[in-house]
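This report refers to the structure that appears directly beneath it.
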Amino acid sequence: MKESLLFTRRDFLRASTVLAVGAAMPSFLLKTAEAALAAASGAIPGFDDDRILVVVQLAGGNDGLNMVAPVGDDAYARARPHLGVKPGKVLALGDGLRGLNPRMTGLKELFDSGKLGIVEGVGYPNPNRSHFRSTEIWQTAVDSDKHSPTGWIGRYLDAQCNGEGQPTAALALGDERPQAFAGRRGLGVCLQDVDSFGWLEGPGEARQGAFLAENGGGRASATAASGGAKNESLEFVRKVALDAVAAENLVRETARKARVGTKYPADRFGQGLQTVAKMIGGGLPTRIYYVTLGGFDTHANQAGSHDNLLQRLSDGLLAFQSDLAAQGNEARVTTLTFSEFGRRVGENASGGTDHGTAAPMLLLGGGVKPGLHGKRPSLTELDRGDLIHTTDFRGVYAAVLKQRLGAPADKVLGWPGEPATGLF
């Protein structure tokens, strides 16, 4: 027996790696799956309302101290004599102590119009400075000394609906499925763009894709495996493959019908946000969208590159919020940004900053109370040269889950803390 046949239904659910299988699908089965998805396009069982969460990952470790610059603190200028934003250039936030990076005029516009909340000093106890491990902690929402096979979004879908029957409940734009989507029942869809849709692999998940390739894209047969359990697994693979192709067609049709109005930045991040806006405006029954902007690992020559990234983030989010407002969907949609860690307080000798700990999170749109939230971390009382977090990121997640998505935050997160207050 081939090793690739030795996988479980749970393994496949966690991997969510159905690839391009459309050519292998019998047309009558595909039409049945498409009809089922279309019938469910107005609502997903288990969700009490039509609210949507958009998660934006700033991959690489965003330098929060140059995004929301504490220019009123003398320690900032001492720690960053060359990289620090100058007091006369920041976009003031009204307290005389902090300001946005001067390239973030779009976010300043949203802040002034009461559509942006900034949560400062967000992190977690016993921080890890590895990109991979810290990203895993943020995506699984467990303590830094623990591991989980499921992500916080996957557990949310598990708690709220039967994700197996709703493949478009969560949708990520990018090159691989975020670990946050991993659930015991739910499957999150991942696509690079509308024309290259698929259930893309996460790290270390190639053997499920190989299994599909070796077995005709999920077509079960008596010769492929023997025994009821194996045939049941193959039947499950076929169902998921059918759902994937049906979802592909639904997404493409939604994008085709969507109104195109607001002008977005031409970069990949801006175009990704435009795709999300098309899906929302077109009525796709997705509750979670996930978009990534990378490049934030700024160890050297940070000044220009980081400013450019912040402008891309700012311009993209301004266009997105403007588009949602034009659609009449602004109140439905809450956007959250995070990065796996911030940067160290002091600049390094290479004109950059090294891996740090706490950093700001941004909240935009529906239900968000605008302004500055949380306690500003000290620049002098440090942990080995790093900021000490003042807000646990799971408190922010809990507030979003409970107050915006109507979900049992304690059950989803398995975290004993309380939701952060005053955000919504």
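The table for this structure:
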{"read-out": "A331 vs. criteria touching a residue at least 60 places away in the same chain (Cβ under 8 Å) and either under 22 Å from G72 (Cα atoms) or surrounded by fewer than 23 Cβ atoms within 10 Å (Cβ to Cβ) (or both)", "value": "no"}
{"read-out": "Close pairs from region 283-311: first under 19 Å from G356 (Cα atoms) and without any contact (Cβ under 8 Å) to a residue 40 or more places away in the chain, partner buried (at least 23 other Cβ atoms within 10 Å of the Cβ) and of a type in the set (D, E, K, R), Cβ under 6 Å, at least 6 apart", "value": "none"}
{"read-out": "Residue check for R78: within 22 Å of N301 (Cβ to Cβ) and either small (G, A, S) or more than 22 Å from the chain's Cα centre (by Cα) (or both)", "value": "yes"}
{"read-out": "The one condition in (1) polar (S, T, N, Q); (2) farther than 30 Å from G84 by Cβ; (3) not in a strand (DSSP E or B) that S350 fails to fulfil", "value": "(2)"}
{"read-out": "Which numbered condition G88 misses (of (1) over 20 Å from G385 (Cα atoms); (2) crowded, with 20+ Cβ neighbours inside 10 Å; (3) not aliphatic (A, V, I, L, M))", "value": "(2)"}
{"read-out": "Test set (1) buried (at least 17 other Cβ atoms within 10 Å of the Cβ); (2) within 21 Å of C190 (Cα to Cα) - Q302 fails condition number", "value": "(2)"}
{"read-out": "Single unsatisfied condition, G282 versus (1) at pLDDT below 95; (2) surrounded by 24 or more Cβ atoms within 10 Å (Cβ to Cβ)", "value": "(2)"}
{"read-out": "G154 vs. criteria among the small types (G, A, S) and either part of a helix (DSSP H, G or I) or under 23 Å from V412 (Cα atoms) (or both)", "value": "yes"}
{"read-out": "Residue satisfying all of: in region 284-327; out of contact with any Gly (no Cβ under 6 Å at 6 or more places or on another chain) and acidic (D, E); farthest from N62 (Cα to Cα) among these", "value": "D323"}
{"read-out": "Matching residues in region 366-397 - criterion: being crowded, with 17+ Cβ neighbours inside 10 Å, small (G, A, S) and not in a loop (DSSP other than H, G, I, E, B)", "value": "G395"}
{"read-out": "Residue that is modelled with the lowest pLDDT, among those in region 42-60 that are out of contact with any strand residue (DSSP E or B) (no Cβ under 6 Å at 6 or more places or on another chain), surrounded by 16 or more Cβ atoms within 10 Å (Cβ to Cβ) and small (G, A, S)", "value": "G46"}
{"read-out": "Candidates A331, A303, filtered to the one that is part of a loop (DSSP other than H, G, I, E, B) and hydrophobic (A, V, I, L, M, F, W, C)", "value": "A331"}
{"read-out": "Qualifying positions in region 278-300 - among the hydrophobic types (A, V, I, L, M, F, W, C), outside any helix (DSSP H, G or I) and either in contact with a His (Cβ under 8 Å, 6 or more places away or on another chain) or closer than 30 Å to L250 by Cβ (or both)", "value": "L284, I288, V291, L293, F296"}
{"read-out": "Residues of region 355-377 that turn out to be touching an Asp or Glu at 6+ places or on another chain (Cβ under 9 Å) and either basic (K, R) or over 19 Å from A399 (Cα atoms) (or both), as a count", "value": "6"}
{"read-out": "Residues that are touching an Asp or Glu at 6+ places or on another chain (Cβ under 6 Å) and hydroxyl-bearing (S, T, Y), drawn from region 299-327", "value": "none"}
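The values are calculated or read from the model by the stated rules, or taken from the named source; none is laboratory data. No experiment lies behind these values; they were computed from the predicted model shown. Here the Cβ is made from the backbone with ideal geometry for all residues, glycine too, and neighbour counts use every protein chain on show.
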